[in-house]
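Below you'll find the structure, written out as structure tokens, and then a few comments.
The values are calculated or read from the model by the stated rules, or taken from the named source; none is laboratory data. All values derive from a computational prediction rather than experimental measurement. A quick note on method: Cβ atoms are made from the backbone with ideal geometry, for glycine too, and the neighbour counts reach across all protein chains shown. The accessibility values were calculated without ligands, DNA or RNA, using every heavy atom of the protein model including side chains. Shrake-Rupley method; radii C 1.70, N 1.55, O 1.52, S 1.80 Å.
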Amino acid sequence: MTKILLSLFLIAAAPVAAAAQGNAPQPGRLQVVVLDPSGAVIPGALVSLFGAEGRTKGATRADVPSDMEGVARFDGLPAGRYNIQVMFEGFETIGVIDLRLRAGETMRREVSLPIKRQEESVSVGRDPATNASDPKNGRFDTTLSKDQIDALPDDPDEMAALLEQMAGPGATIRVDGFRGGRLPPKEQIRSIRISRDPFAAEHHGSGTFHIDIVTQPGMGPLRGGMNFNFADDALNARTATQPAKGDMRDQMIGFNLFGTIIPQKTSFSLSGNGASNYRASEVNARTLEGQQNFSFRQPNESFSFNGRIDHAVSKSHTVRANLMANQRENEMGVGGFSLREQGVQSKVQSGTLRLSDTGPWGKSWLNETRLQIGVTSSDNRATFEGQTIRVLDAFTGGGAQSTGGRDVTNLELASNLDYAKGKHSVRVGFLLEGEWVESDQQSNYLGTFTFASLADFEAGRPTQFSIREGNPLVEYSQWQLGLFAQDDWRARPNLTVSFGVRQELQQNLDDTLNLSPRFGLTWSPFKSGKTTVRGSLGVFNDWLESQTYEQVLQVDGVRLTETVIRNPGFPDPYQGGVRLQALPGSTYVFGDDLSMPYSVRASAGVQQQLTQNLGTSVMYSFMRGYDRFRGRNINAPIDGVRPDPSFGNITQVESTGGQRQHMMHAMLNFNIPAKRLFMFLNYTLNHSENDSTSPFALPADNYNLEAEWGPAAVSRHSLGGNLSTVLFGRFNVSLNASVRSGQPYNVTTGRDDNGDTVFSDRPEGVGRNSARGKAIYTLGGMFSYSLGFGRSGGEGGAGGTTVIMRDGAATPAAGAGQMVVMAGGPMVQNRSRYSMNLFVQGQNLLNTVNPQGYSGVMTSPFFGQPTGAMPARSLRVGVRFGF
């Protein structure tokens, strides 16, 4: 009821506040998009607005930073004439004079900055406190430089993993606003921003970190390039747990081509990447023959294509179409405790079409609409068919028992509508997601023997045999809808108060009222604008994942039935003597009161700009999660007797889980763009507890759920950093380092002590995730050398009249909306026609031994020990050619 009342209040507050403005003339809105000479956006550029006549003098604002999309926004502007000035270190300062803004109009203007030729001195009026209190100013965010983006791995999956590691635990990746799918080729990425504390109502998830990737249009003359990189085990070190280096070879090749189709109207970009490689999967197991330490070669073939067209309907209206196709074939399943015969052949094909439209609706509204349609088909086939032999945390052999696949068609439709009036900036919108799924994935269709120890295996004494039988084919759909409204209210020139509400629905959940109120404030207490304080409070909901719904549909006792035999015979499970106990069929079900999980999250932080190039921030957040999905066997034995003897296990997915998290995040940024020096350092202290890890993770005691409360399997301390700089003009170096404390892991007896057929029993008095591994240290980086040849020159900028801004006016005046170079004149850019970049990229450069995979099974020969190590030092060499 508290959530409902607070949400209703926030919904009512926005129109009431807007109405308070009376019948005054509707203000206008200006958006300035800052671009470099190639057409890529420039985040962090400073845009100043000056009133050019009496009625607009009071609207003068200085040094408003452009966001990750290169956009600086000015709201609540009275109608009249304005001048703007755009500055960014390393580029010429540009002025645009005599822009005429009508009442209620939303104007969008692009400004291209030429590369700097000479120093200039410009004096402008400043209101830094107003700019610092803008919630979109990005002061708590990290924006990667072009050099830092270039240093990321070429493989999209490796790039995504590194970005998540750089951002922090639970980070969500979005590409052009879309969630899901593989990352685009690196050549098409124009900006990457790691944002923190996304409390606005437009956001669905409660994750503390978002990684927003924006791709770039193919503006300008025809350009392109090719890249090739290569890695071989000859360049690598030996993994610490292996007696010899494993076979490994990577070969990746790609191309990109982009340019203008219709000048100032239509542009295109194309890229393709292919990889053919095999990598060594490390096996660390113990069988009756002794220790098994060897590397197994697993091949991987992949190809991706990405094509994009951008079209400017007008200066303020743009449409975009993006087509992506991916294919990957690889072998997986072998490694760790899993022996060679556990291999699975996997093939995945996907295609995605993304459409977006950005432009004004009338004079006062600005709309952005996105549509994504995707198709994915996956198929898995076991390399070897046969019953599986599993000796807990010793080895897993026999057949992998994997067959079938999934065909998924997904749709995402989202729209945001912005409206500015007076001191209010309102955004309303929706997100609609849908999936159509046909799946016949099946596993364990020949049965699995589980042994508690190697001694039991040697004696032919399995603890359990399980098998799933039937037809796994299911077809279903899943839809989810989110609606939101939010308002950023400029309560004072140095204080912005944000409030909003979000309502979410999901097809396969019965609860229909899931209101999520959100509140935030951004305050700059001092006139200098060097200090920004932020606070937020909100409720966030989580979806029911489609694969959770799919598992319940499949294992329903009709399509698939799971049969469990305790103390079976071996190799014939039905010949086990007097101790054999064959249970009736087991099934998965949903709880009657299943509801959408939600969490309440509060945060507070401060950002301080120490110098022009050095800034730091500290943020604390608290989160409490409720109604989280967890599994529980509601037919587990009580004193050896099952409540319903006609069934075996009844695994119920229910909304009874909880979570609590305290997190402190500190960040240090040091950037000198003119010298191409960029550095950031992040530290996260994460104290997180929960009572379940997934919807099907069963507790040690199904009738004592409180005993499951314990540390979450995340690192308590995480320290990461990145440094990118230029050495000797043509040499560039980029280093990334991370240190993480050990993660908790569970200690179990290795036996089914309570007879529920699940090997999750812990020793008496031992809590969940009570043991902890060792810390992990890694250092990676890229060293590159660039050269150019062939000369091409051209007129850059907009030469001619020199304009100096004084008191918000341009002298001498130029034509309406004319763009001029501040303290400029004609500028000729001498650029090489062709470029070549040679690079060496490495991971774990110090060859640190980082143990992982600790065993908590007391019957395992590896109990309390790491069962493997992270990869040793590896190097990759490559070349990029551009024109």
Worksheet entry | Filter result for Ser655 (closer than 30 Å to Glu562 by Cα, under 27 Å from the mean Cα position of the chain (by Cα), open to solvent by less than 20 Å² (accessible area, probe 1.4 Å) and of a type in the set (S, T, N, Q)) | yes
Worksheet, complete the sentence: (1) touching a residue at least 24 places away in the same chain (Cβ under 8 Å); (2) under 30 Å from Leu553 (Cα atoms) all hold for Thr693 apart from (1)
Worksheet item: Looking only at residues in the range 142-155 that are open to solvent by less than 20 Å² (accessible area, probe 1.4 Å) and not β-branched (Val, Ile, Thr), which one is nearest to Ala491 (Cα to Cα)?
Response: Leu144
Item to complete: Restricting attention to the range 610-630, report how many residues are surrounded by fewer than 16 Cβ atoms within 10 Å (Cβ to Cβ) and touching a Pro at 6+ places or on another chain (Cβ under 8 Å).
Response: 1
Practice prompt. Kindly indicate which of Ser269, Ser304 is hydroxyl-bearing (Ser, Thr, Tyr), in a strand (DSSP E or B), closer than 26 Å to Gln345 by Cα and in contact (Cβ under 8 Å) with a residue 12 or more places away in the chain.
Written response: Ser304
Discussion item. Under 8 Å between Cβ atoms, which residue pairs at least 6 apart in sequence (or on different chains) link something in the range 509-520 that is crowded, with 19+ Cβ neighbours inside 10 Å and basic (Lys, Arg) with a partner that is assigned to a loop (DSSP other than H, G, I, E, B) and modelled with pLDDT under 90?
Written reply: Arg518/Phe199; Arg518/Ala200; Arg518/Ala201
Worksheet item: Right, Arg381: surrounded by fewer than 17 Cβ atoms within 10 Å (Cβ to Cβ), part of a strand (DSSP E or B) and not aromatic (Phe, Trp, Tyr) or not?
Response: yes
Practice prompt. Hey, can you tell me all the residues within the range 772-792 that are hydrophobic (A, V, I, L, M, F, W, C) and either in contact with a His (Cβ under 9 Å, 6 or more places away or on another chain) or surrounded by fewer than 16 Cβ atoms within 10 Å (Cβ to Cβ) (or both)?
Written response: Ala775, Leu787, Phe789
Worksheet entry | Subset of the range 401-440 that is outside any strand (DSSP E or B) and not polar (S, T, N, Q) - its residue that is least open to solvent (accessible area, probe 1.4 Å) | Gly422
Worksheet item: Which of the residues that make up the range 719-763 are under 13 Å from Gly781 (Cβ atoms), among the polar types (S, T, N, Q) and surrounded by fewer than 21 Cβ atoms within 10 Å (Cβ to Cβ)?
Response: Thr725, Ser738
Practice prompt. Identify the residue in the range 585-609 that is in contact (Cβ under 8 Å) with a residue 24 or more places away in the chain and outside any strand (DSSP E or B) and, among all such residues, is most open to solvent (accessible area, probe 1.4 Å).
Written response: Asp593
Worksheet item: Somewhere in the range 454-463, is a residue over 18 Å from Gly205 (Cβ atoms) and of a type in the set (Asp, Glu)?
Response: yes
Discussion item. When the residues of the range 552-583 are narrowed to those that are among the aliphatic types (A, V, I, L, M) and assigned to a loop (DSSP other than H, G, I, E, B), which ends up surrounded by the fewest Cβ atoms within 10 Å (Cβ to Cβ)?
Written reply: Val558
Worksheet entry | Residues located in the range 522-551, provided they are assigned to a strand (DSSP E or B) and surrounded by fewer than 20 Cβ atoms within 10 Å (Cβ to Cβ) | Trp523, Thr531, Val533, Gly535, Leu537
Worksheet item: Going by the structure shown, is Gly710 open to solvent by 20 Å² or more (accessible area, probe 1.4 Å), closer than 21 Å to Arg628 by Cβ, at pLDDT 90 or above and not β-branched (Val, Ile, Thr)?
Response: no
Item to complete: Out of Thr358, Thr409, Thr369, report the one residue that is within 26 Å of the chain's Cα centre (by Cα) and without any contact (Cβ under 8 Å) to a residue 40 or more places away in the chain.
Response: Thr409
Fill in: Any hit, the range 357-365, residues being small (Gly, Ala, Ser), over 30 Å from Gly864 (Cα atoms) and either part of a helix (DSSP H, G or I) or open to solvent by 40 Å² or more (accessible area, probe 1.4 Å) (or both)
yes
Practice prompt. Tell me which residues, restricted to the range 682-711, are of a type in the set (Val, Ile, Thr) and more than 28 Å from Ser546 (Cβ to Cβ).
Written response: Thr684
Worksheet entry | From Glu504, Glu469, residue being in a strand (DSSP E or B), surrounded by fewer than 21 Cβ atoms within 10 Å (Cβ to Cβ) and acidic (Asp, Glu) | Glu469
Item to complete: Residues being aliphatic (A, V, I, L, M) and at pLDDT below 85: count how many of those fall in the range 217-241.
Response: 3
Practice prompt. Kindly indicate whether Leu705 is closer than 30 Å to Ala666 by Cβ and either at pLDDT below 95 or in contact with a helix residue (DSSP H, G or I) (Cβ under 9 Å, 6 or more places away or on another chain) (or both).
Written response: no
Worksheet, complete the sentence: Here the residues within the range 219-266 that are without any contact (Cβ under 8 Å) to a residue 60 or more places away in the chain, of a type in the set (Val, Ile, Thr) and open to solvent by 30 Å² or more (accessible area, probe 1.4 Å) are Ile253, Thr260, Ile261, Ile262
Discussion item. Criterion first (assigned to a loop (DSSP other than H, G, I, E, B), without any contact (Cβ under 8 Å) to a residue 24 or more places away in the chain and charged (D, E, K, R)) does Asp753 satisfy it?
Written reply: yes
Worksheet item: Pairs under 6 Å by beta carbon, first residue among the β-branched types (Val, Ile, Thr) in the range 717-746, partner surrounded by fewer than 19 Cβ atoms within 10 Å (Cβ to Cβ) and not in a strand (DSSP E or B), six or more apart or different chains?
Response: Val726/Arg676
Discussion item. Can you list residue pairs whose Cβ atoms sit under 7 Å apart, with the first residue in the range 324-351 being within 20 Å of Leu270 (Cβ to Cβ) and the second being assigned to a loop (DSSP other than H, G, I, E, B)? Count only pairs 6 or more apart in sequence or on different chains.
Written reply: Asn326/Arg182
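Residues checked against (1) hydrophobic (A, V, I, L, M, F, W, C); (2) in contact with a helix residue (DSSP H, G or I) (Cβ under 8 Å, 6 or more places away or on another chain); (3) at positive phi; (4) open to solvent by 30 Å² or more (accessible area, probe 1.4 Å):
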{"residue": "Thr651", "(1), (2), (3), (4)": "no, no, no, no"}
{"residue": "His662", "(1), (2), (3), (4)": "no, no, no, yes"}
{"residue": "Phe680", "(1), (2), (3), (4)": "yes, no, no, no"}
{"residue": "Tyr683", "(1), (2), (3), (4)": "no, no, no, yes"}
{"residue": "His687", "(1), (2), (3), (4)": "no, no, no, yes"}
